[in-house]
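Here is the structure we will look at.
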Amino acid sequence: MNDVLVIGIATVDAIARTIDEFPKPGGLRFFDQLALSTGGCAINCSLALAKLGVPCDTIARVGTDMLGDFVVAELARHGMATDGIVRDASTSTAFSFACVASSGERCFFHTRGADDRLCPADVPPEWLGGRQLVFVAGTMVMEALDGEPTAQVLAAARAAGARTLLDTVYVEAMPRAQWQRRVLPALPYVDYFVPSHAEATAISGLTDVAAIARDFQACGARNVVIKLGAEGAFCRSAEGVEQHVPAFRVPQVVDTTGAGDCWSAGFLVGLREKLPMAEAARLGNAVAAHGIQASGATAGVKPLGDVRAFMQRGAGS
Ligand SMILES: Nc1ncnc2c1ncn2[C@@H]1O[C@H](COP(=O)(O)OP(=O)(O)OP(=O)(O)O)[C@@H](O)[C@H]1O
Ligand SMILES: [Mg+2]
């Protein structure tokens, strides 16, 4: 059993380029190239951990379809445990069709499939014992886990001795009441709440990061980190210490897909090594800085030794 457990969403992404226009009903258009990759915060984070050289266990739900086989095969190919991946014959694996325009801009069609059915029963109590860190990743698109059920899982993880983390995904045009219903019940059981700035704003209705973090702490979260894209991350500890941890500058940003999940992998490694929160966030920034320099969510992530050498060089931080 590994001391890190990641629970959450698994998807397969088909990335099609170049698509500048859609066909009319009944029509057909060509595009140049199709690439298939795994996605979803839990799988991205687990694969980033694998590339860092830190094994973890992963709990997610996929279909019994070929896309589900693909998710399992990708984890196995990177040496990760797959026995926590629940196969569900009643639905399809969550799937995104990403259309990349010649401008580089992407638009997505997504079906939530099996992610909507991931539930507390998929997290057996014996899977929570002996963990140092339990991370739920993908709140907002897990119909059967968001809200109270997540609170239940995190409470059990804490009772078993783990520190808990929670991350959300951004869903456009979602009313604030929905964000709150799906997030707030879990916060009293969260040791590190790590949303992006857009998600944090959607939940709280606030934009100032310090005010947002205080708001989440008033709702029960112990420590809060708000991911700020090219600006890095803002941390507010349980004791009220606030720190802005700047991002690393990179020569070329190739693809920011999964940046937040690479960040989470680095942050988990830092916490696992008992680093102070801001140091763990800096490691998160460094792993994310690798992730964004290659196409694909985790393709740019290097072994931990290389990431540390990059940090020591002070690479633009
Ligand atoms: N342009 C950039 N330059 C340097 N670092 C970046 C850049 N964009 C993102 N990062 C790094 O990636 C981290 C996570 O990015 P972001 O805040 O966009 O998360 P997110 O919105 O959760 O991402 P995701 O789309 O993967 O969910 C940042 O905290 C930062 O360390
Ligand atoms: Mg994210």
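Quick notes on this structure:
- When Ala50, Ala60, Ala81, Ala35 are screened for being closer than 28 Å to Thr18 by Cα and not polar (S, T, N, Q), only Ala35 passes.
- Test: residue in the range 120-130 that is of a type outside the set (D, E, K, R), within 19 Å of the chain's Cα centre (by Cα) and at pLDDT 95 or above: yes
- Output for the range 121-141, where each listed residue is over 12 Å from Val6 (Cα atoms) and either polar (S, T, N, Q) or away from ligand 1 (no atom under 15 Å from the Cβ) (or both): Ala121, Asp122, Pro124, Pro125, Glu126, Gly129, Gly130, Thr139
So that you can scan it fast, the table gives a plain yes or no per residue for (1) crowded, with 23+ Cβ neighbours inside 10 Å; (2) within 14 Å of ligand 1 (Cβ to nearest atom); (3) under 27 Å from Ala14 (Cα atoms):
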residue	(1), (2), (3)
Asp261	yes, yes, yes
Gly266	yes, yes, yes
Ala281	yes, yes, no
His290	yes, yes, yes
Ala297	yes, yes, yes
Arg308	no, no, no
Met311	no, yes, no
Gly314	no, no, no
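- Here Glu231 meets each of (1) touching a helix residue (DSSP H, G or I) at 6+ places or on another chain (Cβ under 7 Å); (2) within 16 Å of ligand 2 (Cβ to nearest atom); (3) over 24 Å from Phe108 (Cβ atoms) with one exception, condition (1).
- Condition met for Cys235 (among the hydrophobic types (A, V, I, L, M, F, W, C) and either in contact (Cβ under 8 Å) with a residue 40 or more places away in the chain or surrounded by 22 or more Cβ atoms within 10 Å (Cβ to Cβ) (or both)): yes
- Residue count for the range 1-36, restricted to those that are small (Gly, Ala, Ser) and within 16 Å of Ala60 (Cα to Cα): 2
- Cβ separations smaller than 6 Å between residues 6+ apart or across chains give the following pairs from the range 207-218 residues that are small (Gly, Ala, Ser) to residues that are buried (at least 18 other Cβ atoms within 10 Å of the Cβ): Ala213/Val224; Ala213/Arg236.
- Selected residue [on the phi < 0 side of the Ramachandran plot and away from ligand 2 (no atom under 16 Å from the Cβ)] from Ala297, Ala280, Ala288: Ala280
- When each of Ala60, Ala73 is tested for being surrounded by fewer than 22 Cβ atoms within 10 Å (Cβ to Cβ), on the phi < 0 side of the Ramachandran plot and either without any contact (Cβ under 8 Å) to a residue 12 or more places away in the chain or assigned to a strand (DSSP E or B) (or both), the lone residue that passes is Ala73.
- Test for Asn285: is it surrounded by 18 or more Cβ atoms within 10 Å (Cβ to Cβ), more than 8 Å from ligand 1 (Cβ to nearest atom), more than 18 Å from Ile43 (Cβ to Cβ) and of a type in the set (S, T, N, Q): no
- Filter pass, Leu166 being of a type outside the set (Asp, Glu) and either in contact with a strand residue (DSSP E or B) (Cβ under 9 Å, 6 or more places away or on another chain) or surrounded by fewer than 15 Cβ atoms within 10 Å (Cβ to Cβ) (or both): yes
- Extreme residue, nearest to ligand 1 (Cβ to nearest atom), among residues of the range 160-177 that are farther than 14 Å from Ala200 by Cβ, in contact (Cβ under 8 Å) with a residue 24 or more places away in the chain and not in a strand (DSSP E or B): Ala162
- Among the residues of the range 258-277, those identified as within 13 Å of ligand 2 (Cβ to nearest atom) and either within 13 Å of Leu52 (Cβ to Cβ) or in contact with a Lys or Arg (Cβ under 7 Å, 6 or more places away or on another chain) (or both) are Gly260, Asp261, Cys262, Trp263, Ser264, Ala265, Phe267.
- Pair list, Cβ under 8 Å, 6 or more apart: the range 291-305 residue in contact (Cβ under 8 Å) with a residue 60 or more places away in the chain, other residue more than 15 Å from ligand 2 (Cβ to nearest atom) and basic (Lys, Arg): Thr298/Lys51; Val301/Lys51; Lys302/Lys51; Pro303/Lys51
The values are calculated or read from the model by the stated rules, or taken from the named source; none is laboratory data. As the structure is a computational prediction, the values presented were derived from the model and not from experiment. We place every Cβ from the backbone using ideal geometry, glycine too, and count neighbours over all the protein chains shown.
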